[in-house]
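Take a look at the structure set out below.
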Amino acid sequence: MAAIRSKNTRPELIVRHYLWRAGFRYRLNNPRLPGHPDLVLRRYRTCIFVNGCFWHGHEGCRYFRMPTTNVEFWEAKIHRNQQRDQQEQQRLAQMGWHCITVWECQLKPAVREQTLRSLAFTLNRIFLQDNSLNRYVVPEEQMPLAAEPETLYGNGEKEQTKK
Ligand SMILES: [Zn+2]
């Protein structure tokens, strides 16, 4: 099924403009990552999804109302979208990416500034955490050997080749 993720929606543009002005740099709709995240911030190892509350089935959201006709059809469709979002974010997490979802309703004028600030705060926190972890380098002698002579295995020369 073609991606429900349409490009350049207004909520997405709001997030992009804010982050750009705040000095964050990103790539858009990376086709090689699961779910084609709207924004990819490599430096922060973070994918940002800007989700419409209806299509992505924002739970408990007052802007998400099931249509009153074809209820079964819509329920199944939205449910599939939710499941796919979840699976894609799990795959990204396994690949070492952080995932942040910004919902359309969180970008309504009354709450927009707060949402965007906390997004920037989260990104900075992720960056600091990642970089403090990276300083922790495993000492060389504890590293497993990357390459060993093939004769070590299976042809009786084991003992001679070993030092
Ligand atoms: Zn919502």
Worksheet item: Do you know which residues across region 52-111 are exposed (fewer than 14 other Cβ atoms within 10 Å of the Cβ), part of a helix (DSSP H, G or I) and among the polar types (S, T, N, Q)?
Response: GLN83, GLN86, GLN87, GLN90, GLN94
Practice prompt. Please specify each residue of region 47-88 satisfying the condition of being small (Gly, Ala, Ser) and within 16 Å of the ligand (Cβ to nearest atom).
Written response: GLY52, GLY57, GLY60
Practice prompt. With the checklist (1) surrounded by fewer than 19 Cβ atoms within 10 Å (Cβ to Cβ); (2) part of a helix (DSSP H, G or I); (3) touching a residue at least 40 places away in the same chain (Cβ under 8 Å); (4) in contact with a His (Cβ under 9 Å, 6 or more places away or on another chain) in hand, flag the one item THR122 doesn't pass.
Written response: (3)
Fill in: Any hit, region 27-39, residues being modelled with pLDDT of 95 or more, more than 17 Å from LYS7 (Cα to Cα) and not charged (D, E, K, R)
no
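Taking the conditions exactly as written (more than 16 Å from the ligand (Cβ to nearest atom), surrounded by 11 or more Cβ atoms within 10 Å (Cβ to Cβ), farther than 22 Å from VAL111 by Cβ and not acidic (Asp, Glu)), does HIS17 satisfy them or not?
Values: more than 16 Å from the ligand (Cβ to nearest atom): yes; surrounded by 11 or more Cβ atoms within 10 Å (Cβ to Cβ): yes; farther than 22 Å from VAL111 by Cβ: no; not acidic (Asp, Glu): yes.
In short, no.
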Worksheet, complete the sentence: So, first residue within 11 Å of TRP103 (Cβ to Cβ) in region 53-78, second residue more than 9 Å from the ligand (Cβ to nearest atom) and acidic (Asp, Glu), Cβ within less than 9 Å, six or more apart or across chains; the pairs are HIS56/ASP85; GLY57/ASP85
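Does THR9 count as loosely packed, with under 12 Cβ neighbours inside 10 Å and out of contact with any strand residue (DSSP E or B) (no Cβ under 6 Å at 6 or more places or on another chain)? Explain how you work it out, then say what you get.
Values: loosely packed, with under 12 Cβ neighbours inside 10 Å: no; out of contact with any strand residue (DSSP E or B) (no Cβ under 6 Å at 6 or more places or on another chain): yes.
Taking the combined requirement at face value, the residue does not satisfy it.
One line per residue, one yes/no per condition, for (1) closer than 24 Å to PRO31 by Cβ; (2) of a type in the set (A, V, I, L, M, F, W, C); (3) more than 13 Å from the chain's Cα centre (by Cα):
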{"site": "CYS53", "(1), (2), (3)": "no, yes, yes"}
{"site": "HIS56", "(1), (2), (3)": "yes, no, yes"}
{"site": "GLU59", "(1), (2), (3)": "no, no, yes"}
{"site": "THR68", "(1), (2), (3)": "no, no, yes"}
{"site": "HIS79", "(1), (2), (3)": "no, no, yes"}
{"site": "GLN106", "(1), (2), (3)": "no, no, yes"}
{"site": "PRO109", "(1), (2), (3)": "no, no, yes"}
{"site": "GLU113", "(1), (2), (3)": "no, no, yes"}
{"site": "LEU116", "(1), (2), (3)": "no, yes, yes"}
Worksheet item: Any idea which of (1) within 16 Å of the ligand (Cβ to nearest atom); (2) touching a residue at least 12 places away in the same chain (Cβ under 8 Å) is the one ARG91 doesn't satisfy?
Response: (1)
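The values are calculated or read from the model by the stated rules, or taken from the named source; none is laboratory data. Only a predicted model underlies this, so the values are computations on that prediction, with no experimental measurement involved. For neighbour counting, all protein chains shown are included, and Cβ atoms are generated from backbone atoms with ideal geometry for every residue, glycine included.
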